[in-house]
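First the structure, in the form of structure tokens, and then the observations on it.
Readers should treat all values here as calculations from the given coordinates under stated rules, not as data from a laboratory. Computed from a predicted model, the values in this text were never measured in an experiment. Cβ atoms come from the backbone with ideal geometry, glycine included; neighbour counts cover every protein chain shown.
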Number of protein chains: 2
Amino acid sequence: MRIAIDAMGGDHAPAEIVKGALEAAAEWRDTTIVLVGDTGVLEKLVQGAPANLELRHASETIAAEEEPVKAVRRKKDASMVVAGRMVREGEADAMISAGNTGALMTTGLLIVGRMEGIERPALAFVLPTMDNIGVLALDLGANMDAKPEHLLQYALMGSIYRASVHGIAEPRVGLLNVGTEEAKGNELTKAAHDLLAGAPIHFAGNVEARDVLQRSCDVLVCDGFSGNILLKAMEGTASAIFGVLKEEFTRSWRTKLAAAIMMPGLRGMRKKMDYKEHGGAPLLGINGLVFKSHGSSDARAVKNAVRQARSAVQAGLIRVLSAEISGKQVGLND
Amino acid sequence: MRIAIDAMGGDHAPAEIVKGALEAAAEWRDTTIVLVGDTGVLEKLVQGAPANLELRHASETIAAEEEPVKAVRRKKDASMVVAGRMVREGEADAMISAGNTGALMTTGLLIVGRMEGIERPALAFVLPTMDNIGVLALDLGANMDAKPEHLLQYALMGSIYRASVHGIAEPRVGLLNVGTEEAKGNELTKAAHDLLAGAPIHFAGNVEARDVLQRSCDVLVCDGFSGNILLKAMEGTASAIFGVLKEEFTRSWRTKLAAAIMMPGLRGMRKKMDYKEHGGAPLLGINGLVFKSHGSSDARAVKNAVRQARSAVQAGLIRVLSAEISGKQVGLND
């Protein structure tokens, strides 16, 4: 198995990306990790690397603030684009990047290519839950203005991913909405509710944002805009509360003592809410495995993304998805 | 000043509603609190009440799960509808209800009436922030499918409310979005961004969900659907984390000791994130003061809603809003 990693994308690239790649190569000897980027820079960082770590030169880099479509079209030798081309041409079984999200989606669409039968790819991400199992939410920002038919395709792709990669039989699909009652919502979710109720999935109905952490479903379907609001509201609230906790715990010697007592228990909770733990976000609906790793990814996040990519390759995800999507004849009305 | 309270609406009605009304009547002797509901039930609960507490009989009640428009049209003697009629006819300066949100919005629109020049009323609510000042967010669910022009009107109404009721000069208006860059968002927010940039407000640009708790603006404008997702995601995350904290703190005698040390500091944080503290949510764009109190309101929440209603009456909010809205000639294109 070969996994290409964009060594130049992300806030802590290339150092943390390379570190994560080295750790992954050391752990999984059956997997060849191909670091894509400026070999002049990378060679110094990978000295003494195991034999299953390779370098692939790419002379350009796409920056975080670049306009995605323009960047991908013009920079044909950008590390991200080269990794995408490796996936398209079968030189890599999956690619991972912590770089510019828009550019990665464009790379998926223009370089790797869209999966037949899928109208809009979706960015899927495992949101944390209190029981540590997580909810696969999609779309979290690939497609801002979704139609009901897109939500139906997200539901199908999410169910297949959850079953084949995560081994959850009959994953329950929830629709992110403002109330659990059937008639609740905006025009999009009302129409999507009808489509999901008739789809070959295990539809669990509407799910409210406050119940996500209690894992009221296994797959959460939403449009990219509200999904992004949900993700960032959860992230922001958790981080604000942990910030206050930290402040309170360091206030005096008494609170420092309390902190020492509480730490083992609370560390588990902090880890639970840590988005880096959950590794990469697959871009589903692309004709190859493309994973987005968080922009602020450290070595651990990169290694977790490799773990996830390995599971998807082993499950033959792209083959299963293509077969199921064409088998289920998910046609669009427009 | 006279404030009508729907005594029969909310999860803890009438007991907690009456208790809150009694506390408010005791605290503000210049305000007459009129409890609207079944006097047969209420009379027993208000024995020994101060003279500035009155009862008004209403023979019917609108339940939480009733279809709003049908309920308001049919139950002409429902406590909520009677309170709305009192506002319309000048018998009360404001009304408060913890009952069925949809029915309250319908009461606002059909019984009290829409404000001239406003296309869609909005439910405004003060979201908690780490500095305890809060952000007035609107719309949080009155109108699920908003147009860019509606968001512009929310921005104007929110600014006026924040300035005249909360005394914040030049409130900064943020637009809830998936990124801070100007070009980010869905079709709605992209169009709204242009309108807000040209409006007679202090526009602070796009605001991400994760920055709300840091009070990156004073007024947050959003459509009712994403606003509701934001509110419930924040509420759900805070409540899940406090749940784990409580569990950890009661695990052993050592953690109980730690809890005793930490409690004074953490109680402040819990209170900060407590939506009941912030009282009622004004329904802006109605030709009279209508406040929605949380469905699970206890006496404290009801009293806080009265406090807020008093401030709005004292500020002459409806007069100020009408004058400013017609003065600014906020026309709609359609």
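Computed quantities for the displayed model
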read-out: Two-site FRET efficiency, residue A:170 against residue B:145, from Cβ-Cβ distance with R₀ of 35 Å, rounded to 0.05; value: 0.60
read-out: Residue among B:146, B:13, B:260 with the largest mean-square fluctuation in a Gaussian network model of chain B, springs linking Cα atoms under 10 Å; value: B:260
read-out: Integer Hz, Karplus 6.51/-1.76/1.60 couplings in order for the range B:212-221, x for Gly and Pro; value: 4, 5, 8, 6, 7, 7, 9, 10, 10, 9
read-out: Shortest-first nm distances, residue B:64 label point to equivalent points in other copies (7 Å, Cα→Cβ); value: 4.4
read-out: Residues with amide H under 5 Å from that of residue B:54, placed H, sequence gap 5 or more; value: B:33, B:34, B:35
read-out: Extension gain (nm, one decimal) between residue A:271 and residue A:247, 0.36 nm per residue minus Cα-Cα; value: 6.8 nm
read-out: Net charge of Cβ neighbours under 13 Å - reference residue B:151; Lys, Arg +1; Asp, Glu -1; value: -4
read-out: For B:124-131, mean number of other protein chain Cβ atoms within 10 Å; value: 1
read-out: Around residue A:136: net Lys/Arg minus Asp/Glu count, Cβ-Cβ under 9 Å; value: 0
read-out: Among B:85, B:300, B:267: highest mean-square fluctuation, GNM of chain B, C-alpha pairs under 10 Å; value: B:267
read-out: Cα-projected label distance for residue B:44 with residue B:69, points at 7 Å along beta-carbon direction, nm; value: 3.9 nm
read-out: Relative exposure of A:250, B:32, judged by other C-beta atoms within 10 Å (fewest first); value: A:250, B:32
read-out: Anchor residue A:303: aspartates and glutamates whose Cα lies under 18 Å away (excluding residues fewer than 8 positions away in-chain); value: A:6, A:11, A:16, A:23, A:27, A:30, A:54, A:93, A:274, A:277
read-out: Mean separation of Cα contacts under 8 Å (6+ apart) over length of chain B, as relative contact order %; value: 23 percent
read-out: Inter-site label distance for residue B:110 and residue A:181 at 7 Å from Cα along Cβ, in nm; value: 1.4 nm
read-out: Shielding by partners - mean other protein chain Cβ count within 10 Å, residues of B:252-265; value: 5
read-out: Shielding of B:210-219 by partner chains, average beta-carbon count, 10 Å; value: 3
read-out: Residue-by-residue Karplus 3J(HN,Hα) for the range B:46-52, coefficients 6.51, -1.76, 1.60, Hz, glycine and proline x; value: 10, 4, x, 6, x, 5, 8
read-out: Whether the range B:89-156 is rounded, prolate or oblate, judged on the alpha carbon gyration tensor where a/c under 1.5 counts as rounded; value: oblate
read-out: Local electrostatic count, residue A:192, Cβ distance below 11 Å [Lys/Arg +1, Asp/Glu -1]; value: -2
read-out: For chain B, share of DSSP beta bridges that run antiparallel, in % to the nearest 5; value: 25 percent
read-out: The range A:255-270 - phi-based ³J(HN,Hα) in whole Hz, Karplus 6.51/-1.76/1.60, Gly and Pro as x; value: 6, 5, 5, 4, 4, 4, 5, 7, 3, x, x, 6, 4, x, 5, 4
read-out: Across the identical copies, how the residue B:29 labels are spaced - nm, sorted shortest first, 7 Å along Cα→Cβ; value: 8.7
